[in-house]
1. Taking the alpha-carbon centroid of each part, what is the distance from region 7-67 to region 116-173 in angstrom?
2. When only alpha-carbon atoms are used, what values of Rg and Dmax, in angstrom, describe the chain?
3. What number, rounded to the nearest 500 deg cm²/dmol, is the helix-based mean residue ellipticity at 222 nm of the chain, given -39500 (n - 2.57) per DSSP H run of at least four residues and division by all its residues?
4. Calculate the dipole size of the chain relative to its Cα centre from +1 charges on Lys and Arg beta carbons and -1 charges on Asp and Glu beta carbons; express the result in debye to the nearest 20.
5. When the Karplus curve 6.51 cos²θ - 1.76 cosθ + 1.60 is applied with θ = phi - 60°, which whole-Hz ³J(HN,Hα) does each residue of region 25-33 get, with x for Gly and Pro?
6. Taking only C-alpha pairs under 8 Å that are 6+ residues apart, what is the relative contact order of the chain in percent?
7. Please arrange 323, 431 by how many other C-beta atoms lie within 10 Å of their C-beta, fewest to most.
8. Calculate, for residue 428 and residue 39, the FRET efficiency according to 1/(1 + (r/R0)^6) with r their C-beta to C-beta distance and R0 56 Å; round to the nearest 0.05.
Amino acid sequence: MNNDTICALATANGVGALGIIRVSGNEALNVVQKSFPSKKLEKQPSHTIHYGYFMDGDEVIDEVMLSLFLAPKSFTTENSVEIAFHGSPHIAKRILEVLIKNGARMAKAGEFTLRAFINGRIDLSQAEAIADVIASENEASRKVAISQLKGGITNEISILRTDLLNFVSLIELELDFAEEDVEFADRSALNILLKKIELKLNSLIESFQYGNAIKNGTAVAIIGKPNAGKSTLLNALLKEERAIVSSIAGTTRDTIEEILHLKGHAFRLIDTAGLRETQDEIEAIGVKKAKEKVEKANILVYLADAATEDFSEDIEMIASLLREDLKVIICATKIDEVSPDKYNQVENIFRSEINHSFDFITISALENQNIQDLKNELSSYVEQLKAGENNIVITNQRHYEALQKSLDAVHKVKEAVTFQISTELLAYELRNALEHLGEISGEVTNDEVLGNIFSKFCIGK
Ligand code: GDP
């Protein structure tokens with residue numbers, strides 16, 4: 001491992017009360033000492049804080065506080081110093097320039113965390129969890145990221161892996177004694193273990209759907225004929241959220257999404273760009289456009305104006321959008337204008353015509369009636385995805401793929417046992433399963449995977 005000394009701004013790049021620059025590596029203390037005459041750093045104990053001036057030669061750059069973390073009790077396990085300065089981007093730039101002049105180099109994206117991983121301080125899934133914690137935007141994503149940071153998934157996997165490893169050793173022993181036709185590994189015990197592993201892997205794999213909802217939010221498409229009340233509903237949904245609503249501009253104006261937070265989960269309202277602005281304009285939303293939106297969605301909220309008489313176009317539109325895994329919520333809106341009899345009748349029409357399960361809600365977006373019912377329906381979609389007893393939730397695509405490959409490998413091992421295939425082949429399949437399980441924690445890894453993971457980090461992490 002190359003322990004040259006790296007430095008980077010760890011806080012956001014912009015004006016703040018304070019900023020922090022991190023320095024880590026063999027020469028971290030020397031590099032900082034050259035610009036910090038106030039104290040002899042190497043005489044100071046670990047985990048102490050020191051006040052003084054940060055100098056460029058004779059010039060005072062800023063008044064700073066240094067936190068010392070001596071090897072191996074630091075994040076990277078190397079000598080590390082954190083310099084807290086007054087949060088001006090200009091001061092940050094000056095301090096970094098001086099540190100580089102003193103012998104450090106700028107850290108690459110994720111390099112501090114990469115060192116923590118390579119030096120054995122954290123495993124790979126924990127390194128990934130750090131990126132997830134930083135990226136978390138709501139309670140649910142923060143919670144799963146923290147549980148992963150604490151080693152959640154690795155603990156579960158490593159128990160299974162250790163059990164499997166015992167069998168691998170026994171099977172390999174059999175290979176050494178191949179001529180004597182002995183069985184050290186009890187095949188029925190192996191079968192029991194394989195079943196246990198299979199169950200665990202399946203439940204982890206299933207949790208990915210929920211994990212995905214946590215990490216990427218649940219995509220919702222609001223569709224309906226012109227004037228059905230879509231933009232009014234959008235406003236009603238986002239009303240209390242105004243302060244935390246964020247618009248994510250995609251590559252084209254068409255993909256603007258607004259985020260609705262409900263019970264700690266994010267709902268992405270897909271492509272609402274046109275909705276608010278075309279308030280007065282009657283803009284027909286074509287079937288093609290509706291289809292594109294719904295294709296990206298987990299939930300379709302279809303708005304039908306309860307005050308109208310003919311629903312054949314609505315029914316046709318819904319029918320053309322249906323998909324097996326799509327949750328459909330039909331909202332009869334403008335109920336302030338009609339009697340309960342009318343909206344019961346509307347429900348009956350949809351129930352008799354639509355060949356797909358759906359929830360039916362009556363709302364008035366204008367008068368803010370029953371909007372909470374719609375919000376509850378949205379939340380219940382995510383609640384249902386929550387895997388029962390499994391408190392570990394997979395949110396990471398790489399883990400998901402590794403789990404799936406492990407499951408395939410376990411199936412092959414099972415086949416090998418059932419059909420009493422040669423011990424060599426059994427050993428091969430077992431090793432294969434072990435390898436895929438090990439990919440999650442990084443016990444088995446390659447440079448390409450590492451490069452891919454750490455390049456997505458920000459500099460300074
Ligand atoms: P969009 O074309 O689907 O986005 O429909 P709008 O939200 O622009 O609404 C069309 C018209 O219906 C506007 O004049 C709204 O004020 C009205 N509207 C929308 N929702 C309701 C409702 O719940 N009750 C009543 N009475 N009018 C509504």
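Here, each number is a calculation from the coordinates, and none is a lab measurement. Keep in mind the model is a prediction, meaning the values are calculated, not measured. A quick note on method: Cβ atoms are made from the backbone with ideal geometry, for glycine too, and the neighbour counts reach across all protein chains shown.
1. Value for the Cα centre distance between the two parts: 33 Å.
2. Every Cα atom of the chain included, Rg and Dmax give 29.0, 87 Å.
3. Numbers: 16 runs with 216 residues, N = 461.
It comes out at -15000 deg cm²/dmol, rounded to the nearest 500.
4. Around 1680 debye, computed over the chain.
5. x, 3, 9, 3, 5, 4, 4, 6, 4
6. Relative contact order for the chain comes out at 17 percent.
7. 323, 431
8. Once rounded, the FRET efficiency stands at 0.40.
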